[in-house]
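Structure first, then comments.
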Amino acid sequence: MSATLPPFEEIVTTHGPTVLRVCRAVLGPMDADDAWSETFLAALRAYPTLRPGSNVEAWLVTIAHRKAIDQTRARARRPLAVDHLPERPAPSEVDRWDGDLWTALQALPLKQRAAVAYHHLAGMSYADVAALTGGNEGRYRHVAKDIPERRVPMTNERRLFASLSAIDDEVNRRLHRRLVDAANAAGLLDVAYRTIDTPVGALLLAATPKGLVRVAYASQDHDLVLEGLARDVSPRILRAPARLDGVAREIDEYFAGRRRTFDVPLDLQLSHGFRRAVLSRLPEIGYGKTASYAAIAKAAGNPKAVRAAGSACASNPLPVVVPCHRVVRSDGTIGQYVGGADAKRALLTLEGST
């Protein structure tokens with residue numbers, strides 16, 4: 001099996017803090033957020049074309065370098081009116097960058113400042129840094145000596161960078177919200193997901209712009225499910241709870257006994273052929289009712305395909321919402337279920353079928 005790209009959410013989680021620290025080191029704390037957001041939005045746009053196995057962090061730093069140049073040029077331009085202002089760093093975040101590091105970095109020309117940040121924060125070799133910035137490798141190796149001691153001595157670069165505080169959770173959340181908003185506005189959020197707690201355990205919900213595309217039990221391993229979505233739908237996947245508020249609300253109402261049918265739009269692209277025909281028949285089994293696998297096979301147009309009907313139910317990408325739990329064996333026993341026999345029994349009990 002050929003390698004596939006992981007969900008983009010994994011890229012943000014793994015490399016987001018490093019890219020932010022690079023942006024702060026190159027641009028300072030006030031402009032870093034804009035560069036970070038533009039970097040990850042550009043990366044999200046290009047992500048499906050990235051070769052699996054690529055050095056993702058180096059790729060992101062390359063994009064961040066271009067955005068830093070854009071930000072530097074933009075400082076000289078007239079401000080433009082916008083509908084609303086993005087969330088900005090809190091004063092406490094800025095204060096943490098008012099020490100020796102940012103003062104030292106400010107003393108450097110932009111290229112040299114970038115070289116120090118890319119080497120010490122992103123782990124790039126000086127040769128790679130020189131190739132990226134168009135500078136001289138030997139010059140970058142001695143860049144610290146170019147900071148006049150009378151202004152800010154920087155005799156130990158590694159110690160200064162090692163003293164940087166970690167990016168805290170609130171900063172990560174703020175930047176993530178900003179990325180999701182920008183991705184939505186740009187039409188780049190191909191798959192949004194969230195998890196919710198239910199009486200049958202945590203459920204993963206995932207939706208495309210067309211509709212709900214995946215519901216998964218914890219026993220199915222949510223990380224593996226997201227990897228499957230990246231392979232089969234799109235790797236442009238982000239955790240975006242608000243996009244699934246309507247689905248979450250209907251599922252909550254279902255488990256509270258206040259809802260018997262689901263009204264959310266569905267995206268059935270993960271099912272094909274006879275399996276899709278089976279899934280299209282499942283909502284016809286009313287709340288509190290059951291049907292046999294044989295009956296569903298017949299309704300789907302192939303009375304002899306009882307095993308195939310069972311396989312379609314077992315691979316249902318939308319359990320609970322598309323009610324494969326209402327399909328039982330001809331002898332009345334509940335049979336197998338994607339979420340496990342206990343979950344199936346709990347759903348049938350909720351609906352009064354057992």
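Identify all residues within region 191-203 that are farther than 20 Å from R177 by Cβ and either part of a strand (DSSP E or B) or not hydrophobic (A, V, I, L, M, F, W, C) (or both); write none if there are none. Once the filter is applied, which keeps residues that are farther than 20 Å from R177 by Cβ and either part of a strand (DSSP E or B) or not hydrophobic (A, V, I, L, M, F, W, C) (or both), region 191-203 yields D197, T198, P199, G201, A202, L203.
One residue alone among R214, R231, R258 is part of a helix (DSSP H, G or I) and basic (K, R), and that residue is R231.
Restricting attention to region 311-354 and to residues that are surrounded by fewer than 19 Cβ atoms within 10 Å (Cβ to Cβ) and basic (K, R), the residue that is farthest from G228 (Cα to Cα) turns out to be R329. Residue check: is V56 closer than 27 Å to A127 by Cα, β-branched (V, I, T) and touching a Phe, Trp or Tyr at 6+ places or on another chain (Cβ under 8 Å)? No: the conditions fail for V56. The C-beta contact set for region 251-265 (first residue touching a residue at least 40 places away in the same chain (Cβ under 8 Å), second residue surrounded by fewer than 11 Cβ atoms within 10 Å (Cβ to Cβ) and assigned to a loop (DSSP other than H, G, I, E, B), distance under 7 angstrom, 6+ apart or interchain) comprises F255/P199.
For region 184-203, which residues satisfy the criterion of being touching a helix residue (DSSP H, G or I) at 6+ places or on another chain (Cβ under 6 Å) and under 30 Å from D33 (Cα atoms)? Those that are touching a helix residue (DSSP H, G or I) at 6+ places or on another chain (Cβ under 6 Å) and under 30 Å from D33 (Cα atoms): L188, L189, V191, A192, R194, I196.
Kindly indicate the residue of region 236-258 that is closer than 13 Å to D190 by Cβ and touching a helix residue (DSSP H, G or I) at 6+ places or on another chain (Cβ under 6 Å) and also surrounded by the fewest Cβ atoms within 10 Å (Cβ to Cβ) among those meeting that condition. Result: R236.
Per the listing V233, V247, V200, the residue uniquely touching a residue at least 12 places away in the same chain (Cβ under 8 Å), over 22 Å from S280 (Cα atoms), among the hydrophobic types (A, V, I, L, M, F, W, C) and out of contact with any Pro (no Cβ under 7 Å at 6 or more places or on another chain) is V200.
For G339, are the conditions met, namely being closer than 20 Å to T195 by Cβ, among the small types (G, A, S) and in contact with a strand residue (DSSP E or B) (Cβ under 7 Å, 6 or more places away or on another chain)?
So G339 passes the test.
Do we have A117 as at pLDDT 75 or above and in a helix (DSSP H, G or I) here? Answer is yes for this residue. For region 323-330, check the following and say yes or no: at least one residue is more than 27 Å from D197 (Cα to Cα), hydroxyl-bearing (S, T, Y), in a loop (DSSP other than H, G, I, E, B) and in contact with a helix residue (DSSP H, G or I) (Cβ under 9 Å, 6 or more places away or on another chain). Yes, that holds for at least one residue.
Within region 292-306, the set of residues being crowded, with 18+ Cβ neighbours inside 10 Å and either part of a loop (DSSP other than H, G, I, E, B) or in contact with a strand residue (DSSP E or B) (Cβ under 7 Å, 6 or more places away or on another chain) (or both) comprises Y293, I296, A300, A305.
The values are calculated or read from the model by the stated rules, or taken from the named source; none is laboratory data. Just so it is clear, the structure is predicted and the values come from calculations on it, not from any experiment. Because the Cβ atoms are built from the backbone with ideal geometry, glycine has one as well, and the counts that use them run over all protein chains shown.
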